[in-house]
Amino acid sequence: MRAGALSVLGSLTLALVAPPALAATIEVTIDRLVYSPASVEAKVGDTIEWVNKDVIAHTATVKGGWEVMIPPKSKGRITLKQAGAVDYFCRFHPNMKGHLNVAP
Amino acid sequence: MLDIEAAKLAIQKSKTKEVVDFAKDMERDHEAVNKQALDLVKKLKVKPEDNATSQALTKAAKEERAKLAKLEGTAFDKAYIENEVAYHKQVNGALETLLIPSANNAELKSLLETGLKIFQGHEQHAEHVAGTLK
Ligand SMILES: [Cu+2]
């Protein structure tokens, strides 16, 4: 009985200290003015990292929201804090468009 | 190159943040594209030809710049941005209908196609700035 109780307690403790699902880093490549993948499924706490292969700077900008600067041949990142679907674009080249689906 | 000169003029003359920021974006992007084009020219060991299209673009840009130099304030901002919309439209038209179809080198074609996307972006960006000036 004692061993049984301990093992129940043990597994309960483990359940309580078990970390929540690990946050992921999702990479979006920018090559010749195209975000790829153009649409990303993510969740709150995940980080989006844009890898810019172009020789010119881009941004990932949400109208009325956040903006990430992505310098040429460099990276930019943001950790998602809010659930919901957002469209983003490049402020310098508004013909570049991307989309994020952020689950809670 | 003339687009960079117009940008430098705007950075110097304009007092509107949106316009100055746009001009800085133009200066930076066009310098990067020019550098790539010059690198490719060197690599391919070709001589960039002065053709009727580039001559017409250069002439129009020079005239436009002379006009801009005489303007101040809001009149300058509006003329500069309207000119940027028109200039990018013209360049994009030349790229789409003439330069890209006649490019027979794959690297050159790819550079021109990327250039077209960049300048289409600039055209939209300029249109957006023009909207904020009204
Ligand atoms: Cu961009």
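The values are calculated or read from the model by the stated rules, or taken from the named source; none is laboratory data. Keep in mind that this is a model prediction, so the values were computed, not measured. Please note: Cβ atoms are built from the backbone with ideal geometry, for glycine as well, and neighbour counts cover all protein chains shown.
Kindly establish whether B:Asp25 is surrounded by 14 or more Cβ atoms within 10 Å (Cβ to Cβ) and either over 14 Å from B:Leu9 (Cα atoms) or within 12 Å of the chain's Cα centre (by Cα) (or both).
yes
Matching residues to (1) at pLDDT 95 or above; (2) crowded, with 17+ Cβ neighbours inside 10 Å:
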{"residue": "A:Thr13", "(1), (2)": "no, no"}
{"residue": "A:Ala18", "(1), (2)": "no, no"}
{"residue": "A:Asp31", "(1), (2)": "yes, no"}
{"residue": "A:Asp54", "(1), (2)": "yes, yes"}
{"residue": "A:Ala57", "(1), (2)": "yes, yes"}
{"residue": "A:Lys75", "(1), (2)": "yes, no"}
{"residue": "A:Cys90", "(1), (2)": "yes, yes"}
{"residue": "A:Gly98", "(1), (2)": "yes, yes"}
{"residue": "A:Val102", "(1), (2)": "yes, yes"}
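Restricting to the stretch B:25-81, what's the tally of residues that are at pLDDT below 90 and of a type in the set (S, T, N, Q)?
5
Pairs only if they're at least six apart or on different chains, beta carbon under 9 angstrom, first in the stretch B:111-127 and free of Cβ contacts under 8 Å to residues at least 12 places away in the same chain and under 14 Å from A:His58 (Cα atoms), second within 12 Å of the ligand (Cβ to nearest atom) and part of a helix (DSSP H, G or I); list them, first residue then second.
So the pair list comes out as B:Gly121/B:Asp29.
Go through (1) part of a loop (DSSP other than H, G, I, E, B); (2) closer than 19 Å to B:His122 by Cα and name the single condition B:Lys15 misses.
For B:Lys15, the exception is condition (2).
Looking only at the stretch B:1-19, count how many residues are more than 12 Å from the chain's Cα centre (by Cα) and within 14 Å of chain A (Cβ to nearest Cβ).
The qualifying residues number 2.
Can you name the number of the only condition in (1) surrounded by fewer than 17 Cβ atoms within 10 Å (Cβ to Cβ); (2) small (Gly, Ala, Ser); (3) in contact with a helix residue (DSSP H, G or I) (Cβ under 6 Å, 6 or more places away or on another chain) that B:Ala126 fails?
(1)
For residues in the stretch A:27-67 being aliphatic (A, V, I, L, M) and under 17 Å from A:Val102 (Cα atoms), which is farthest from the ligand (Cβ to nearest atom)?
Checked the stretch A:27-67; the qualifying residue farthest from the ligand (Cβ to nearest atom) is A:Val44.
In this structure, does B:Thr114 turn out to be within 24 Å of A:His93 (Cα to Cα), within 14 Å of chain A (Cβ to nearest Cβ), β-branched (Val, Ile, Thr) and surrounded by 15 or more Cβ atoms within 10 Å (Cβ to Cβ)?
yes
For the stretch B:28-66, which residues satisfy the criterion of being surrounded by 15 or more Cβ atoms within 10 Å (Cβ to Cβ) and more than 17 Å from the chain's Cα centre (by Cα)?
Result: B:Leu40, single match.
Does B:Glu72 satisfy the criteria of being under 17 Å from B:Thr132 (Cα atoms) and of a type outside the set (Ser, Thr, Tyr)?
Answer is no for this residue.
Read through the list (1) touching a helix residue (DSSP H, G or I) at 6+ places or on another chain (Cβ under 7 Å); (2) within 9 Å of chain A (Cβ to nearest Cβ); (3) more than 16 Å from B:Val19 (Cβ to Cβ); (4) buried (at least 20 other Cβ atoms within 10 Å of the Cβ), then give the number of the only condition that B:Gly121 fails.
The failed condition is (1).
Find the residue count for the stretch A:50-66, including only residues that are more than 30 Å from B:Ala37 (Cβ to Cβ) and of a type in the set (D, E, K, R).
1
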